[in-house]
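**Student:** Okay, here's the structure, questions in a sec.
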Amino acid sequence: MHGAGRVPDIEDLNLASAKVETEKRGIKVNEYMQSVSNPTIYAAGDAAASGGPPLTPVAGYEGRMVAENLLKGNHLKAQYVAIPTVAFTIPPLASVGMSENSARERKLKFRTNRDITSSWYSSRRVAEDCSGFKVLIEEGSDRIFGAHLLGPHAEEVINLFALAMRSEVRATVLRDALLAYPTISSDLRRSSLHVVVYAGLASMGIEHSSSRTSWALRTSLEFQNGSISPTGSTVHSDIMGELQQRTTRH
C-alpha cells in the first residue's frame, strides 16, 4: 500500500519568473483560488495550497470554482464544509466533520452517541463482526458536527451524514425519518440515537483477539480536519484509541 500522500507537480513550471509564490502544498492562493502574488494566475487541486483536503472531489470542486471566477470575476469562495473521507479497508472506515478530541479542544457542548453494531442485522447478515459508529451532536441545537463509521457500506452511509451536516439537519429529524428497511442506510436512524463506535468486538471478550481485531489495532488512521491519513504505528483516531482501551481492559 502506498500511503505517502500527494505532492504538487509544479517544480518544472518556473513559477518564480511569473512571481507566483508557492509553498510545500502548492501555489499560495486566496479564497477565490487566485494566486496571492500574481492575480492573473489561478490554481486548483493538488497544485494549490488552498487548505482543502487533497481529495479528488475537492479538486473537481476547486476546478469548477476557478472556471467560474475566471469567466465571471471573483465571486465564488472556497467552502470546505462536511467533506467525508474514507479508508477503503475491510471493513471500510469513514469519517466526516470533527473528532471528539477536536470538539473538546474547542470547548463545545455535545453528547456522543456510540455503539458497537456487530449484533445489528446489517452486520450480521454479511457476517461482519467488526463494526460500529460514533456521532457527535451539539447540545441545544441538536446539530450533528461529526460522524465516524466502521462497517459494511460505511463509505456510502457517511455521505448521508455529510449531506445532513451541510444542510444542518437536526439529529431528531434523522431519528424520525422513515427509511427503507432492511438497508444499511436505515441504520442512520439508530445512529442518531446512539452514536459512534469503533470496531465491533461483539462482547469485547478475550476471544475477540481475532485477525480482524488485530487488523483494527494495527490500523492507525488519524482523523484531522475531516481527513484520514496513515500515521504509522501509533493509534491516534477516536475509533482506534477507544478500541485499544477496551481490548486492553480485557
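Here, each number is a calculation from the coordinates, and none is a lab measurement. Everything quoted here is computed from the prediction, not taken from an experiment. Cβ coordinates were reconstructed from backbone atoms using ideal geometry, including for glycine residues, and neighbour counts include every protein chain displayed.
**Student:** Are there trypsin sites (Lys or Arg not before Pro) in the range 1-107 that DSSP puts in a loop and that have at most 13 other Cβ atoms within 10 Å, and which ones?
**Tutor:** On the way: sites: ARG6, LYS19, LYS24, ARG25, LYS28, ARG64, LYS72, LYS77, ARG104, ARG106, LYS107; in loops: ARG6, LYS19, LYS24, ARG25, LYS77, ARG106, LYS107.
For trypsin sites (Lys or Arg not before Pro) across the range 1-107 that sit outside H, G, I, E and B with at most 13 neighbouring Cβ atoms in 10 Å, the list reads ARG6, LYS19, LYS24, LYS77, ARG106, LYS107.
**Student:** To make sure I understand the rule: partners must be lysines, Cα under 28 Å from the Cα of LYS72, and not fewer than 8 residues away in the same chain. Which ones qualify?
**Tutor:** Once the sequence-local lysines are set aside, what remains near LYS72 is LYS19, LYS28.
**Student:** Can you return the lysines within cross-link range of LYS109? Criterion is Cα-Cα under 28 Å, with same-chain partners fewer than 8 residues away left out.
**Tutor:** LYS134
**Student:** While we're here: Residue separation times 0.36 nm, minus the C-alpha to C-alpha distance between THR172 and THR56: what's the value?
**Tutor:** Values: separation 116, 0.36 × 116 = 41.76 nm, distance 3.21 nm.
Extending this stretch completely gives an extra 38.6 nm.
**Student:** Using a 7 Å offset from Cα along Cα-Cβ at THR183, what residues in the range 105-136 end up with backbone N under 18 Å from the label point?
**Tutor:** From the range 105-136, the list is 121-123, 125-126.
**Student:** With unit charges on the beta carbons (Lys and Arg positive, Asp and Glu negative) and the dipole taken about the Cα centre of the range 11-72, which residue among VAL58, ALA18, LEU71 sits farthest to the positive side?
**Tutor:** LEU71
**Student:** Considering just Cα atoms, how many Å³ per residue does the convex hull of the range 11-72 enclose? The partial results should precede the final answer.
**Tutor:** Numbers: hull volume 4.8 nm³, N = 62.
Spread over its residues, the Cα hull of the range 11-72 gives 78 Å³ apiece.
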